[in-house]
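Below is one structure; the comments refer to it alone.
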Amino acid sequence: MDVAIVGIGIHPFGRTPARSGLQQGAYAAREALKDAGVQWQDMQFAFGGSASSGNADALGNELGLTGIPFINVANGCATGGSSLIAAWHAIKSGEHDIGLVAGFDKHDRGAFNADPKALGLGDWYGEVGMMMTTQFFAMKIQKYMHDHGISANTLAKVAAKAFLNGSLNPNAWRRQPISETEIAGSMMINDPLTKFMFCSPAEGGVALVLCRADRARQYTDTPVYLKSAVLKSRRFGSFEVFAPSQALEQVDGPTVDAANAAFEMAGVGPGDMDVLQLQDTESGAEVMHMAENGFCEHGEQEHLLQSGATHIGGRMPVNTDGGCLANGEPIGASGLRQVYENVLQLRGQAGQHQMPGNPRLGYTHVYGAPGISAVTILQR
Amino acid sequence: MTEKRPIAEGLFTWPSPQPALLASRCRQCGVAAFPVAESCMACSGQEVDVEELPRRGTLWTWTIQQFMPKPPYNSGETPETFQPYGVGYVELPGGVRVEGRLTENDPQKLRIGMAMDVVFDAYRRDPDGAEIVSYFFKPV
Ligand SMILES: [Zn+2]
């Protein structure tokens, strides 16, 4: 049984002092239900998650207590992707016909505070100041620039594109374009990455209604089909965040593994994709993830970025809604935001940030600590 | 004399006239890990030997931490006294790539591939007056 997305809802990302994370999730859920033309009472199941805003099943207190199986999902940056995979299986297996996936969050300002013990590390690792995701991303792109000839200007270009796309997206947090000069000249956080090259924890909510593909037209004229949804964790030897040591022999990371599995499952290749949403925790991540997901060779990004290929009007649009850089990263909602954006693009409903050419296939990718990656492929 | 204590037991030999980082090495597949682990992440083996890692290696990658991290960061510094610090992975031949703080925080003086030595030095002073010792990598 194929699975279709028939309803999408979002609560604007950024800062909303008047609403809790849960309320933002409920807002997104109501929007998604309305988009599909269904009631909360029609949902047969739900999967959802948040990192800092409580249990997702508390959405029942907002939307109504209907007795359905509502399963809380917690999987870091891949929480949304994991909920989606669970929902996909629930429908594909024939167990359920229609259900809801939701993700929301509301984080404090500033870098995430990680607890060494939660990851099986000693207290010393945090005490000496290495429990920082930002350092990992900086060290990974530092090595990548050295090995593959990526310039510092290319990192600034990634961020400038994100803020430009954000300025076209009414649901984005950062809606002002920022020049490459200002990005490159902003405060250095972790060399070679400056302040404007990093995304920040933020707030937001996204929800999706999924159903059996053979019933999709009951709910919408523009169903979007979930062709694959894959989650992979790191194998031994991949270079990952929060690792006091790493193996001398490096293997491909979870992003490469998830991408390969997703393409195989969908029966398509990287060259078939029309629009890409790739994890851009910082500028360098987007650059590296282009190659890790199979969309170019290592090092080719320099030319692609310098020639504008990843802009909305380019031949390989990346992060058309402004990505994490312009939307911030509410952990529970972030991966679902990518799916929301691709559904908009494939429906042709993205307004000012709509890519030209009637895109048919969309790709989403998240990566997060401590080395997990989730990929989806959507088809109109 | 000031008491000197290691920041964690078992990370390196201490006290010792010539301290060294300690790694576990799997008896089954030969892969090393730092810090010492009771089982092997490569092959799931549960028999490991503990060995001293080489004291010299090469810088694999690096960054500079330019702002003061929130707790659990505990260096004894205040926002006023905070000094940016280098962090990197140093490839220790035959062993592993170990992540550690660098003694150098000037990006102009760091380059991938340069030789680095492990050194053991005071990291902070605890309320009881003891010096807490940690490991650092220092350009040769
Ligand atoms: Zn082993």
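The reciprocal of the average 1/r between distinct C-alpha atoms defines the Kirkwood hydrodynamic radius, which for chain B equals 16.2 Å. When the trypsin sites (Lys or Arg not before Pro) in the stretch A:181-278 are filtered for DSSP coil states and for at most 16 other beta-carbon atoms within 10 Å of their beta-carbon, the remaining sites are A:ARG235.
Can you tell me how the stretch A:182-288 classifies by the Cα gyration tensor, rounded, prolate or oblate, using a/c under 1.5 as the rounded cut? It comes out oblate by the Cα gyration axes. For a straight C-alpha distance cut-off of 19 angstrom, the aspartates and glutamates reachable from A:LYS34 (same-chain residues fewer than eight places away being disregarded) are A:ASP42, A:GLU62, A:ASP97, A:ASP221, A:GLU341.
Counting other C-beta atoms within 10 Å, and keeping those with at most 11, which DSSP coil GluC sites (Glu not before Pro) do you find in the stretch A:282-380? Don't jump to the answer; show the numbers that get you there.
Details: sites: A:GLU282, A:GLU286, A:GLU292, A:GLU297, A:GLU300, A:GLU302, A:GLU341; in loops: A:GLU297, A:GLU300.
Answer by residue number: A:GLU297.
Any idea what the alpha-carbon Rg over 2.2 N^0.38 Å comes to for the stretch A:257-342? Mind dumping the intermediate values first?
On the way: Rg = 12.6 Å, N = 86, 2.2 N^0.38 = 12.0 Å.
The stretch A:257-342 yields a ratio of 1.06.
Tell me the Kirkwood radius of the stretch A:124-164: reciprocal of the mean inverse pair distance over distinct alpha-carbon atoms, in Å. Show your work: numbers first, answer last.
Values: mean 1/r = 0.0841 Å⁻¹.
Radius from the Kirkwood sum: 11.9 Å.
Cysteines in the protein assembly as shown lacking any other cysteine Cβ under 4.7 Å from their own Cβ: A:CYS77, A:CYS211, A:CYS296. Surface composition of chain B: carbon plus sulfur atoms hold 49% of the accessible area, using a 1.4 angstrom probe and ignoring ligands, DNA and RNA.
If R0 is taken as 41 Å, the Cβ-Cβ distance between B:GLU3 and A:ALA152 corresponds to a FRET efficiency of 0.35. Reported to the nearest whole Å, the Cα centre-to-centre distance from the stretch A:1-62 to the stretch B:1-69 is 46.
Accessible area of the stretch A:234-361 with a 1.4 Å probe: how many percent of it is carbon plus sulfur?
Working: 1740 of 3980 Å².
So the carbon and sulfur contribution to the accessible surface is 44 percent.
On full extension, the segment bounded by B:ARG111 and B:THR58 gains 18.1 nm, given 0.36 nm per residue less the C-alpha separation.
Between A:LYS92 and A:ASP221, full extension at 0.36 nm per residue minus the direct alpha carbon distance yields a gain of 44.3 nm. Each of B:GLN28 and A:GLU300 was given a label point 7 Å from its Cα along the Cα-to-Cβ line. The distance between the two points is 3.9 nm.
For the cross-link pairs B:LYS4/B:LYS70; A:LYS117/A:LYS140; A:LYS157/B:LYS109; A:LYS140/A:LYS232, which exceed 21 Å when the distance is taken from alpha carbon to alpha carbon? Show your work: numbers first, answer last.
Values: B:LYS4/B:LYS70 25 Å; A:LYS117/A:LYS140 24 Å; A:LYS157/B:LYS109 26 Å; A:LYS140/A:LYS232 19 Å.
Table pairs above 21 Å Cα-Cα are B:LYS4/B:LYS70; A:LYS117/A:LYS140; A:LYS157/B:LYS109.
With a 1.4 angstrom probe, the accessible area lost at the B-A interface totals about 3300 Å². A 1.4 Å probe run over the protein assembly as shown, with the rest of the protein chains in place, finds 39 Å² accessible per residue. In a simple Cβ point-charge model (Lys, Arg +1; Asp, Glu -1; nothing else charged), chain A has a dipole of about 740 debye relative to its Cα centre. A straight Cα-to-Cα reach below 12 Å connects A:LYS195 with the aspartates and glutamates A:GLU182, A:GLU282, residues fewer than 8 places away in its own chain not being considered.
Could you run the Debye sum over the Cα atoms of the protein assembly as shown, one equal point scatterer each and no solvent, and tell me log10 of I(q)/I(0) at q = 0.09, 0.11 Å⁻¹, two decimals? Debye intensities relative to I(0), on a log10 scale: -0.65, -0.94. Within the straight-line cut-off of under 15 Å between alpha carbons, the aspartates and glutamates reachable from A:LYS227 are A:ASP2, A:ASP214, A:GLU264, A:ASP272, A:ASP274, sequence neighbours fewer than 8 places apart in one chain being disregarded. Going from the chain on its own to the full set of protein chains, the stretch A:176-199 has these residues losing 20 Å² or more of accessible surface (heavy atoms, 1.4 Å probe, no ligands, DNA or RNA): A:MET188, A:ILE189, A:ASN190, A:ASP191. How about the stretch B:92-136: which of its residues lose at least 50 Å² of accessible area in the presence of all protein chains relative to their chain isolated, using a 1.4 Å probe? Going by heavy-atom accessible area, the residues of the stretch B:92-136 that drop by at least 50 Å² are B:ARG97, B:GLU99, B:ILE112. Legend: residues in the stretch A:223-257 shielded by at least 50 square angstrom of accessible surface upon adding the remaining protein chains to the isolated chain (1.4 Å probe, heavy atoms) are A:PHE236, A:PRO244, A:SER245, A:GLN246, A:LEU248. For the protein assembly as shown, the 222 nm mean residue ellipticity estimated from helices alone, with every DSSP H stretch of n ≥ 4 adding -39500 (n - 2.57) and the total spread over all residues, rounds to -7500 deg cm²/dmol.
Could you work out how much longer the chain between A:THR181 and A:ILE71 gets when fully extended? Use 0.36 nm per residue separation minus the Cα distance between them, nm to one decimal.
Numbers: separation 110, 0.36 × 110 = 39.60 nm, distance 4.61 nm.
Contour length minus the Cα-Cα distance gives 35.0 nm.
The values are calculated or read from the model by the stated rules, or taken from the named source; none is laboratory data. Since the structure is predicted, the reported quantities are computational estimates derived from the model, not experimental observations. Ideal geometry is used to build each Cβ from the backbone, glycine not excepted, and the neighbour counts take in all protein chains shown. Surface areas here come from the heavy atoms of the whole protein model, side chains and all, with no ligands, DNA or RNA. Shrake-Rupley method; radii C 1.70, N 1.55, O 1.52, S 1.80 Å.
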